[in-house]
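The values are calculated or read from the model by the stated rules, or taken from the named source; none is laboratory data. Everything quoted here is computed from the prediction, not taken from an experiment. Please note: Cβ atoms are built from the backbone with ideal geometry, for glycine as well, and neighbour counts cover all protein chains shown. Protein only, heavy atoms only, side chains kept; ligands, DNA and RNA dropped before computing areas. Shrake-Rupley method; radii C 1.70, N 1.55, O 1.52, S 1.80 Å.
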Number of protein chains: 2
Amino acid sequence: MCGIVGYTGPREAYPIIVKGLKRLEYRGYDSAGVALQNGGLHVYKKKGKVADLEDSIAGKNVHAHVGIGHTRWATHGEPNDRNAHPHQSASGRLAMIHNGIIENYAQLKSELVKKGYEFKSDTDTEVLLNFIEEILVKNDCSLEEAIRIALKRVVGAYVILLLDAENPDTIIAARKGSPLVIGVGKGEHFLGSDASPMLEYTKEVVYVNDYELAIIKPDELILKNLGNEKLTPYVQKLDLELASIEKGGYEHFMLKEIFEQPQTINDCLRGRLDAVAGTITMSGIQQYAEQIMQTNRIIMVACGTSWHAGLVAEYIFEELCRINVEVEYASEFRYRNPVINPGDVIIAISQSGETADTLVAIETAKEKGAIILGVVNVVGSSIARTSHGGAYTHAGPEIGVASTKAFTAQLSVLTMIALKVGYMKGTIPQQRYLRLLNELNELPEKAAWVLQQHEKIKAIAEKYKDARDFLYLGRGYNFAVALEGALKLKEISYIHAEGYPAAEMKHGPIALVDENLPVVFIATKDPYHEKVVSNMQEIRARKGQVISVITEGDEHSASLSLDVMIIPEADEIVAPILSVIPLQLLAYYIGVSKGLDVDKPRNLAKSVTVE
Amino acid sequence: MCGIVGYTGPREAYPIIVKGLKRLEYRGYDSAGVALQNGGLHVYKKKGKVADLEDSIAGKNVHAHVGIGHTRWATHGEPNDRNAHPHQSASGRLAMIHNGIIENYAQLKSELVKKGYEFKSDTDTEVLLNFIEEILVKNDCSLEEAIRIALKRVVGAYVILLLDAENPDTIIAARKGSPLVIGVGKGEHFLGSDASPMLEYTKEVVYVNDYELAIIKPDELILKNLGNEKLTPYVQKLDLELASIEKGGYEHFMLKEIFEQPQTINDCLRGRLDAVAGTITMSGIQQYAEQIMQTNRIIMVACGTSWHAGLVAEYIFEELCRINVEVEYASEFRYRNPVINPGDVIIAISQSGETADTLVAIETAKEKGAIILGVVNVVGSSIARTSHGGAYTHAGPEIGVASTKAFTAQLSVLTMIALKVGYMKGTIPQQRYLRLLNELNELPEKAAWVLQQHEKIKAIAEKYKDARDFLYLGRGYNFAVALEGALKLKEISYIHAEGYPAAEMKHGPIALVDENLPVVFIATKDPYHEKVVSNMQEIRARKGQVISVITEGDEHSASLSLDVMIIPEADEIVAPILSVIPLQLLAYYIGVSKGLDVDKPRNLAKSVTVE
């Protein structure tokens, strides 16, 4: 994780860097720091959020035209001033920021300690920096050359940016595994973990690839590989508006993004779904339609909330396409030795498109001959570029660390893919196909209907906000919604919430149930409804507090529940897109009522770009 | 769930029934009751355990030669005296006990209410009983006939036993979906949910099948189907010793069973594994060897702890046999519409062999042409009988509600199956095959070595027993061990423990981490070890309390942990069988130090025979 920003050009660097870091705080906010070139290197850093850094610098001279900045999500060493980036080399000549993990740092460190180096921090970053300086001094070479030599010894993932007191207008950057965007302006360059820090200055960007090194001056951008061969930078046009990354009157990004869902689901369907003509147009799927229809097996690879979307999609694809589907945690999939055959289809699901584990997992599978389809939100991201085909979710930038609108957009896209494939394959009866297209079409309106209950859900949140634990239970399509509802609450409120398939609670978790435990049932009308009602009875028999998400008009389930949140009638296949919304609101309002920073929950970061 | 006992013959019925109920308390202990024939029906029942029932009856006249008894795990209606079984019919003529769920009870109840029936309890059982009586009166038929007619209307699962004041020497029983054993003595019969209540009286038993009805008198056993055709009872010899269901000097069954593991693992390997000859003999697998070698796909179906065994086995089979493996929650698998093709191999894993969801899941898959292999502990159980082949785990009766020795035996059996199949298929190099046979052979000794740390683990338990929450993290083969460790603690101590693949914590659960949270890492030496160490660093950076299960001699991981539990070096494939043992002990000692009844944790029951 961690966010990085850099600037070199005629403007004042500090305000650009600080504003950029604030936009990148979704990537971590344990500590922040900047290094500025102004007749020598000046480094300022502070534990806490970027605002804390600003406070601590207030009144100091921050005049500079070249600088780098960092917002940290701690991996090695606890979050404090000392471990904050930038780090300076032993001689003080170099300053560096780093996003990633150096896995063999312990080995490198012990070599350096033997040579007499002392370390001011507990970080892997300071080790790498001094390792570079050691080579620089010993080989008496250029910094660029020293970095190249050092990186050949490094095991791990990184983006690094370096300033050198002896070359004050230059930033050197290198990447492997973590994202780096360079914005190209007139006589100036911007650097960022994503494009948000440079939005108001330029629309021309270069995405740096793995094993590439960049030497950046105000009017020159040199891109090389680690073999010291020059590469031609591929300049792309950025399609992102400033307004889309601002709060627009909402108290938090998370609330804004929850309320955007009628719009984002619509954006996701628009231009693809034609319910009247009975067609779904998705060119990134169409291209691979034959292969998908013929495959024996689809593997969904994802992490976190995206993994939950994969679980729902598993059921949808098996039902509509009659293809075996497996859902894998990307982190597990990449390290064990899974059976992958040429022709297997892998669907990689990721909001950011930069999730490190997912990215490596698909790279491995691609080598084994699998077809990779990306379901990604961020256009041009690493996963999108690595995939053969796929479909963007078009949910717009998601800033709140807890994913909401990206999840419902992922489900919308995955449902459309399954419908398209199933219809071509002939595994969906015509009538059901058309009905589901209509159901999809009605989702934006129904989502808006669900959102109208926000005041009621706020009241429910007030009632249960002091609970220490929550259970979330569902069956079938709603099983994954239970997991997702629990994850939202855990992230936002630090309440220990856990989701389970409803029938599994009897195999252990029911031991937690007493009169203090709220149990949230996702109990919308579907073929398993009566079974879920039996499970409700079992929880009531043990005095658990039953809260339910139910279908409009279901008086029986309502009578068994202390509190209910309602969704309109919907086919079970699309119901998760609606039934998750009240759970997002519940988590949000509980978090807010506990006085927590719901957009930046502790310890988390938005996109997990380390393992 | 629920346990049922019955007796008809020359002996005093009450002491037999009470002793039998105590042995069946693993099936539920919310309330208990008996009905005795002694010049009319006498019913006694009480909320709580069987001992509470005994106390409440003390001093009363319990003389009788015919009786039935029940220990309840509540489904409909909270546990109290009123909802305890046996229930009596409106007229008082009939008394009934029931294990299972009547799903359409609400419909039946409203019909009866219209006819003027009033209900004393909230149970589905009382509804069924009065429904039977209504038919009996209206049709003026025999009780047997009334039961047959009633059961044709019933949706759900059940074993029922009825006493009729007008036929005082007879018990009528019927079964669908829940287990029933009849013990055949000389001029007497015994009934039980399993054979344990009749162990000291007879070794001749009849397992009643679904849709069968039994009329039982002291010297006569009539078995019929629901079409009123007589069946010949199939009398089997029971192979179970009384000593094996007693505590043998340990404070709890759970502790006894944890300490039995060197022996039970050995029992499981014995006669199968010959490390010197390099052979594995398993006739129930050998029979289907061709089919398993040729299948594209193995599906593990299980619940709870057995599901965790399936997760470990997934990795083992994929690694050693290069066959795709999926692991399914039985409850989810049976209700959605999974893709099953003829030739698919299903491995059903269950300690009791009676797990309702697993049983129905394999019945469905069997109809679709799948080959069903059972990995089951209880010989002659429903899942064992429904499977085509498979292998028993031979762990002996497991009485503690939290499964321990059954889990390590399941892993031992599954590893042997994978080795056998992989070796025949040629997907395991000879050398690795022989090495793994040796590793298996060494497990009993290594397990004994791990158990020697019990005093140290007890001290660790004391230190962390007041924690409100725990996280358990592992990767690869140890990922499922993390889930299992968390489940044990949750079941036994009611502490909210949760397991995750280590890399997933960053996608949400890490928000729970603060200086009060113990995080248990299963960090034994394997190819992912360095990655797990990185995750430890991340938790330390957020001040979580790191406790680890590590391999002997791993000083680095030890230096990062506040407390460690050690296992000897072992191949990563067999390591879970060892690394789970310290976690079983940790859960046990925390439960005991909190003063809880670890053999009978609240709300739970050993085998989940309802959905």
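A few notes on this one:
- Rg/Rg_ref, segment A:451-604, where Rg_ref = 2.2 N^0.38 Å and atoms are Cα: 0.95
- Residues along segment B:585-603 losing 50 Å² or more of accessible surface when the other protein chains are present rather than the chain by itself (probe 1.4 Å): B:Arg602, B:Asn603
- Low-density loop positions, chymotrypsin sites (Phe, Trp or Tyr not before Pro), segment B:365-471 - DSSP coil, at most 14 other Cβ in 10 Å: none
- Rolling a 1.4 Å probe over the protein heavy atoms gives segment B:3-243 an accessible area of 37 Å² per residue.
- Total accessible surface hidden between A and B, rounded to 100 Å², 1.4 Å probe: 7200 Å²
- Taking other residues whose beta carbon is less than 13 angstrom from the beta carbon of B:Asp571, and scoring Lys, Arg as +1 and Asp, Glu as -1, yields -2.
- Rg of the Cα atoms in segment A:1-129, relative to 2.2 N^0.38 Å, amounts to 1.02.
- Interface residues, segment A:489-518 - accessible area loss of 50 Å² or more versus chain alone, probe 1.4 Å: A:Lys490, A:His496, A:Glu498, A:Glu504, A:Lys506, A:His507, A:Ala511, A:Leu512
- Loop-located trypsin sites (Lys or Arg not before Pro) across segment A:1-84 with a Cβ neighbour count of 12 or fewer within 10 Å are A:Lys60, with loop assigned by DSSP.
- Angstrom value of the Kirkwood radius, inverse mean 1/r, which spans all Cα pairs in segment A:3-243: 17.6 Å
- Taken over the Cα atoms of segment B:323-378, the convex hull encloses 78 Å³ per residue.
- Net charge contributed by nearby residues that have their C-beta within less than 11 Å of A:Lys405 (K/R +1, D/E -1): -3
- Packing order of peptides B:270-279, A:330-339, highest average first: A:330-339, B:270-279 (average count of other Cβ atoms within 10 Å over each peptide's residues).
- For segment B:250-441, the per residue solvent-accessible surface stands at 30 Å², with DNA, RNA and ligands left out and a 1.4 Å probe.
- With viscosity 1.306 mPa s and temperature 10 °C, the Kirkwood radius over alpha carbon pairs of segment A:250-441 converts through Stokes-Einstein to a diffusion coefficient of 96 µm²/s.
- Relative packing of peptides B:110-121, B:540-551, A:211-222 - highest average C-beta neighbours within 10 Å first: B:540-551, A:211-222, B:110-121
- Plainly put, the tip 7 Å out from Cα toward Cβ on B:Pro429 is 5.5 nm from that tip on each other copy, the closest given first.
- Dipole check for segment A:451-604: with +1 at the C-beta of Lys and Arg, -1 at the C-beta of Asp and Glu, and the Cα centre as origin, the magnitude is about 500 Debye.
- Folded to 0 to 90 degrees: helix B:105-114 orientation relative to chain B principal axis, Cα: 20 degrees
- 0 to 90° range, to nearest 10: angle between helix B:454-464 axis and chain B longest Cα axis: 80 degrees
- Electrostatic tally near A:Tyr211: other residues with Cβ closer than 15 Å to its Cβ, Lys and Arg +1, Asp and Glu -1, net +3.
- Under 19 Å from A:Lys19, Cα to Cα: lysines that are on another chain or at least 8 residues apart: A:Lys45, A:Lys46, A:Lys47, A:Lys49, A:Lys60, A:Lys203, A:Lys247, A:Lys600, A:Lys606
- Expected 222 nm ellipticity per residue - DSSP helices of 4 or more, -39500 (n - 2.57), all of the protein assembly as shown, to 500: -11500 deg cm²/dmol
- The spacing between segment B:126-177 and segment A:175-200, judged by their C-alpha centroids, is 77 Å.
- Here, chain A is characterised by an Rg to Rh ratio of 1.00, where Rg is the alpha-carbon radius of gyration and Rh the Kirkwood radius.
- Degrees separating the helix B:479-493 axis from the principal Cα axis of chain B, which is the longest one: 50 degrees
- Surface/4 estimate of mean projected area, convex hull on alpha-carbon atoms of segment A:352-494, nm²: 11.2 nm²
- Label point 7 Å beyond Cα along the C-beta direction, distances from B:Asp597 to other copies (nm, shortest first): 4.8
- Only one residue of A:Gln263, A:Tyr158, A:Pro168 has its Cα farthest out toward the positive end of the dipole of segment A:154-273, where Lys and Arg carry +1 and Asp and Glu -1 on Cβ, and that residue is A:Gln263.
- For chain A, the carbon plus sulfur part of the accessible surface works out to 49%, probe radius 1.4 Å.
- Cross-link pairs A:Lys458/A:Lys531; A:Lys176/A:Lys230; B:Lys186/B:Lys237; A:Lys22/A:Lys594; B:Lys138/B:Lys217 - those with Cα-Cα distance over 19 Å: A:Lys458/A:Lys531; A:Lys22/A:Lys594; B:Lys138/B:Lys217
- Sparse packing (at most 14 other Cβ atoms within 10 Å of the Cβ) combined with a DSSP loop state is found for the following trypsin sites (Lys or Arg not before Pro) in segment A:137-202: A:Lys186.
- Note on segment A:44-83 and segment B:508-567: Cα centroid distance 29 Å, given to the nearest whole angstrom.
- Shortest-first nm distances, A:Gly59 label point to equivalent points in other copies (7 Å, Cα→Cβ): 8.4
- Sorted largest first, extent of the protein assembly as shown alpha carbons per principal axis (Å): 107, 69, 55
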